[in-house]
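**Q** Just passing along the structure, written as structure tokens.
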Amino acid sequence: MSDRPSNGLNRLIFWKKSPLSIQQLVRREFGLRIRKIEFYNEALTHSSMLDGDTTGLRSNERLEFLGDTALDLVVASFLYESFPEEQEGGLTQRKSKMVNRETLNLVGANMELRSLIRTKMRETDVHSTVVGNALEALIGAIYLDHGYLKTSKAVMRMLKKHGADHKVHETVDFKSKLHHWAQREKVSLSFEVKREYHVKGKTRYDVDALIEGIKRGSGTGSSKKSAEQRAARGAWRSVFETTKTSQRKEESDQPAQTETPESKSSQKPSQTKNHRRRSSNSGRSAEKR
């Protein structure tokens, strides 16, 4: 079966050969087989393809809407089960970190989805948001093809594969901050995988963060990226909490300042005012008595 579009889709002006077909991509990224190809052809059709079309071609905008809603529900369910003590506000923040526009654009680019999008735009005009929108439309197509339960598992598989799930645990990119600090201070920084193992069929990684060859932090995660982030967070706190403690100790070891004649003279006006206030107060007390 040819991967080139049929009927109206073969009118694509800027057709770019893809290194893989949509069937291969869905199988690799989501672990599913395509049953109804028409859903996926629509998911990959940008609205620019409708310009001048007389064949009844449909763009991916409706599937994008459906996929966006399905993605929200999948991630919301994952967070609800993963953080049983978290309140609504915290869950909302975690969800926005995990599936924001930037993340979707990046994941879509990493899975090589751009080369499968059918558009009349020049390649340089296909912005990252077009790729992120196509990813949402693809999720909508999978939902129509396989239903919610399979889609839920497939979407979480895809997000975890690209490390999007670890974003819910991080408010700061400690790994990047640590790299910047190491470059500025001209010290060596490396991450070492100490152990790779499985827990209930799921892969886990133990990673150490080494500064100048010395372990300063460690972390565990379902991906190397998430484990490195946690190790970097421990190393960052180790370095800077030690620095702050040393600074506080140095300050406490400094001798207290001795009073000089100038400092004493500067205190006299306030002392005189206080004396006058006490005298005035005592006078008023005497009048009352």
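**Q** Would you point out which residue out of K225, K194, K200, K175 is exposed (fewer than 11 other Cβ atoms within 10 Å of the Cβ), basic (K, R) and either out of contact with any Ser or Thr (no Cβ under 7 Å at 6 or more places or on another chain) or under 24 Å from K97 (Cα atoms) (or both)?
**A** Checking each option against the conditions leaves just K200.
**Q** Let me ask something else. Could you list, in sequence order, the residues of segment 43-93 that are of a type in the set (S, T, Y) and either within 18 Å of H146 (Cβ to Cβ) or open to solvent by 60 Å² or more (accessible area, probe 1.4 Å) (or both)?
**A** Passing the criteria: T54, T55, T69, S77, Y80, T92.
**Q** OK, next. Report every pair of residues separated by at least 6 positions or lying on different chains whose Cβ atoms are under 6 Å apart, first residue within segment 130-159 and touching a residue at least 40 places away in the same chain (Cβ under 8 Å), second of a type in the set (S, T, N, Q).
**A** A137/N60; I142/T151; Y143/T151
**Q** Do any helices (runs of 4 or more DSSP H) lying entirely in segment 94-167 carry at least 2 residues that are of a type in the set (S, T, N, Q), surrounded by fewer than 21 Cβ atoms within 10 Å (Cβ to Cβ) and modelled with pLDDT of 85 or more, and which ones are they?
**A** 101-110, 128-146
**Q** I would also like to ask the following. Out of (1) crowded, with 16+ Cβ neighbours inside 10 Å; (2) in contact with a helix residue (DSSP H, G or I) (Cβ under 7 Å, 6 or more places away or on another chain); (3) farther than 19 Å from E102 by Cα, the odd one out for L210 is which?
**A** Evaluating L210 over (1) crowded, with 16+ Cβ neighbours inside 10 Å; (2) in contact with a helix residue (DSSP H, G or I) (Cβ under 7 Å, 6 or more places away or on another chain); (3) farther than 19 Å from E102 by Cα leaves (2) as the failure.
**Q** For L113, are the conditions met, namely being in contact with a Ser or Thr (Cβ under 8 Å, 6 or more places away or on another chain) and closer than 26 Å to S222 by Cα?
**A** no
**Q** Quick check on my filter: what residues within segment 206-241 are of a type in the set (S, T, Y) and either touching a residue at least 40 places away in the same chain (Cβ under 8 Å) or over 18 Å from R184 (Cα atoms) (or both)?
**A** Within segment 206-241, S218, T220, S222, S223, S226 qualify.
**Q** Another one. Pairs only if they're at least six apart or on different chains, beta carbon under 8 angstrom, first in segment 96-115 and under 13 Å from V155 (Cβ atoms), second of a type in the set (D, E); list them, first residue then second.
**A** These pairs meet every condition: M98/D165; V99/D72; L104/E136; M111/E29.
**Q** In segment 12-23, is there at least one residue being at pLDDT 85 or above and either in contact with an Asp or Glu (Cβ under 6 Å, 6 or more places away or on another chain) or among the charged types (D, E, K, R) (or both)?
**A** Yes, the conditions are met somewhere in segment 12-23.
**Q** Restricting to helices (runs of 4 or more DSSP H) lying wholly in segment 16-82: which have 1 or more residues that are in contact with a Phe, Trp or Tyr (Cβ under 7 Å, 6 or more places away or on another chain) and of a type in the set (G, A, S)?
**A** 61-82
The values are calculated or read from the model by the stated rules, or taken from the named source; none is laboratory data. In this text the structure is predicted, and so the values were computed from the model without any measurement. Note: ideal-geometry Cβ built from the backbone for every residue, glycine included; neighbour counts use all protein chains shown. Calculation scope for accessible area: heavy atoms of the full protein, side chains included, ligands and nucleic acids excluded. Shrake-Rupley method; radii C 1.70, N 1.55, O 1.52, S 1.80 Å.
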